[in-house]
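Q: Have a look at the structure that comes next, please.
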Amino acid sequence: MTAPIDHPTSRFPLDVVEGRVTAAPLVRAQCERHLLDLEAGGDRGLWFDGEAATRFRNFSRMFNHTTGPLAGQPIELSPWQEFVFGSIYGWKQEDGLRRFRIAYNQIAKKNGKTTMAVLPALYGLTLDREGAPQVFASATSRDQAGLLFEDARRQATSSEISPLLNVLQYEIRCPHTNGVFRCLTREPGSADGINPHVAVADEIHRWRSGDLGEIIRNSMIARAQPLYWMITTAGSTLQSYCGENRLYAEAVATGAVQDDSFFAFVAEPPADADIADPRTWAMANPNLNISIPEEELRRLHQEASAIPGRMPGFIRLHVNRFTDGVEGWISSEVWAEGAAPIREADLAGLPCFAGLDLSSTVDLSAYALAFPFEERIILLVRSFIATGGHMGSLEARGRRDGADYVAWEHEGWLEQHRQGAIDEGRILARIKEDATRFDIRELAYDRWGMASLRTDLQQLFGNRFVEHGQGYGSMSAPMKRFEQRAMQGTIQHGGNPLLARAVRNTHRESDAAENIKPSKAKSLGRIDPAVASIMAVGRADAHVRPRRASRLIVI
């Protein structure tokens, strides 16, 4: 029997990690995840079934390309496709059922996405050892779903498995398994009573909401090992169902969230990559010079450079990056530089500066403590979340936000308030407790929502309780200093995963004078811990830097 590390599924990850293949950061992260799980996944009951992965590989060889210059030729999976499919069908749980139930694949246009969409559907219909499987080509309109279904019909009628199938106009049936494959849309009655074994969601960047996706996922619970297979190019906005899945995919691939049921293959170059560089194209187009020639991308880039109106389309479709104009703030790689552990006991009695951001019911509430220490700022962040009542459980809130709130509460990064609203009395008690442990020189606050706590905090801090606006005038300088410190690696945050997510979610808004501020309205999720941190770090720097300057003058 072939060892998992020697299986074809592992060749692409090894090539990426060892530098033989250029890959996007999140593809590399998924490759590292695969290799790490081969070593340590057994501790979580995970194991790699090479025979199951090979079974799907052999199935793929029963098909021919049906369109384009390769029409009529046998399908031969590229190494990256071997990795994707081998991961999906090879990784198992302790009970022998498939590990991965959800897959998000984001790949540039003309990189074999039709093959990537059709093969899982037809395998689920015919040879996946599932009784009466229901398989769906899903989209928000029948025309869109029909495009994928027509691709499946062409493959079904021209492949070696055609004797197993009855290919009809609106459905494909497999008498051998008593299975059916049809379209699924948001149209009335389309999703009534469904029990999907496999649902393929093609080009979800076109989906205007996630309602259909939630129906699919909730309808799969009776199946032993269902598969919700999403495949898409980048969309025009991250504030969408596609964007939500893209951000969650990043959190899982990088380890910020542990979800052993979610697979992510995001061929998206980093934000600072040169879009004219063929190495960037290779990151976005894993089938470069196989199904899409490099010369064709060079021609498309030249056209987009000459006609600026075409550039957003080139970036989205061929560089595989979202084009909604959201300004990336601080990259995950830069932020991770400040993850050295913090021992709160070592900070007892030290001076610090606090920032408080109280929330609405839905948002998080947070306050941050910034400790100037030598050339660094040591940053502690307390975060609070409301659950119960109409807010639902902590697990339900985590699912809605794509965040691992349950784990973060268990690890001490998050405090849960179960009365359906934030308990401001508990926040006040926490601030008072910290005021006895640390030398809080100043508490900056956003006046919004402060009516009930203002008097108590005014009594506690006196003239050290200062209002901090949220507009450009108040936030621009602190946010720029925060950015500068992050780039220099002089913010030590202890690896707080909730704060890391808030930083990643933050939308950096700017005006004509290049003033900046965080925008909650345009951000991609909860950012309250980041806002509180900006306020705290800004106040710390405002006090520390003048004193340093005066010492230099004296010298």
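Q: Look through ALA253, ALA267 and report the one residue that is touching a Leu at 6+ places or on another chain (Cβ under 7 Å), in contact (Cβ under 8 Å) with a residue 40 or more places away in the chain and closer than 30 Å to GLY494 by Cα.
A: The conditions single out ALA253.
Q: Another one. Say whether the condition of being in a helix (DSSP H, G or I) and of a type outside the set (A, V, I, L, M, F, W, C) is met by at least one residue in the range 58-75.
A: The answer is yes; a qualifying residue exists.
Q: Of all residues being modelled with pLDDT of 95 or more and among the polar types (S, T, N, Q) in the range 79-113, which is most open to solvent (accessible area, probe 1.4 Å)? Just the residue, please.
A: The selected residue is GLN93.
Q: A follow-up question, please. Have a look at ILE385, ILE330, ILE315 and point out the one that is surrounded by 22 or more Cβ atoms within 10 Å (Cβ to Cβ) and among the β-branched types (Val, Ile, Thr).
A: The match here is ILE385.
Q: Is at least one residue of the range 184-196 closer than 21 Å to ARG399 by Cα, open to solvent by less than 10 Å² (accessible area, probe 1.4 Å) and touching a residue at least 12 places away in the same chain (Cβ under 8 Å)?
A: yes
Q: Please enumerate the residues belonging to the range 1-54 that are of a type in the set (S, T, N, Q), touching a Gly at 6+ places or on another chain (Cβ under 9 Å) and either buried (at least 18 other Cβ atoms within 10 Å of the Cβ) or not in a loop (DSSP other than H, G, I, E, B) (or both).
A: Selection gives THR9, SER10, THR54.
Q: Can you work out which of the residues in the range 269-291 that are surrounded by 24 or more Cβ atoms within 10 Å (Cβ to Cβ) and of a type outside the set (Gly, Ala, Ser) is nearest to the chain's Cα centre (by Cα)?
A: Among them, the one singled out is PRO269.
Q: Within the range 373-395, which residues are touching a Phe, Trp or Tyr at 6+ places or on another chain (Cβ under 8 Å) and among the small types (Gly, Ala, Ser)?
A: Residue satisfying the conditions is SER383 alone.
Q: Kindly indicate which of GLY469, GLY494, GLY538, GLY525 is part of a loop (DSSP other than H, G, I, E, B) and within 18 Å of ARG376 (Cα to Cα).
A: That would be GLY494, the only listed residue that is part of a loop (DSSP other than H, G, I, E, B) and within 18 Å of ARG376 (Cα to Cα).
Q: Please work out which residue is surrounded by the fewest Cβ atoms within 10 Å (Cβ to Cβ), limiting yourself to the range 429-451 and to residues that are hydrophobic (A, V, I, L, M, F, W, C), touching a helix residue (DSSP H, G or I) at 6+ places or on another chain (Cβ under 9 Å) and under 17 Å from LEU380 (Cα atoms).
A: Step by step, filter the range 429-451, then rank; the result is ALA435.
Q: Pick from the range 248-268 the residues that are part of a loop (DSSP other than H, G, I, E, B) and small (Gly, Ala, Ser): which of them is least open to solvent (accessible area, probe 1.4 Å)?
A: Filtering the range 248-268 for residues that are part of a loop (DSSP other than H, G, I, E, B) and small (Gly, Ala, Ser), the one least open to solvent (accessible area, probe 1.4 Å) comes out as ALA267.
Q: Something else about it: Determine, yes or no, whether GLY146 is small (Gly, Ala, Ser), crowded, with 17+ Cβ neighbours inside 10 Å and over 22 Å from VAL84 (Cβ atoms).
A: no
The values are calculated or read from the model by the stated rules, or taken from the named source; none is laboratory data. The model shown is predicted, which means the values in this text are computed figures rather than measured ones. Note: ideal-geometry Cβ built from the backbone for every residue, glycine included; neighbour counts use all protein chains shown. For the accessible areas, the whole protein counts, side chains as well, though only heavy atoms, and no ligand, DNA or RNA atoms are used. Shrake-Rupley method; radii C 1.70, N 1.55, O 1.52, S 1.80 Å.
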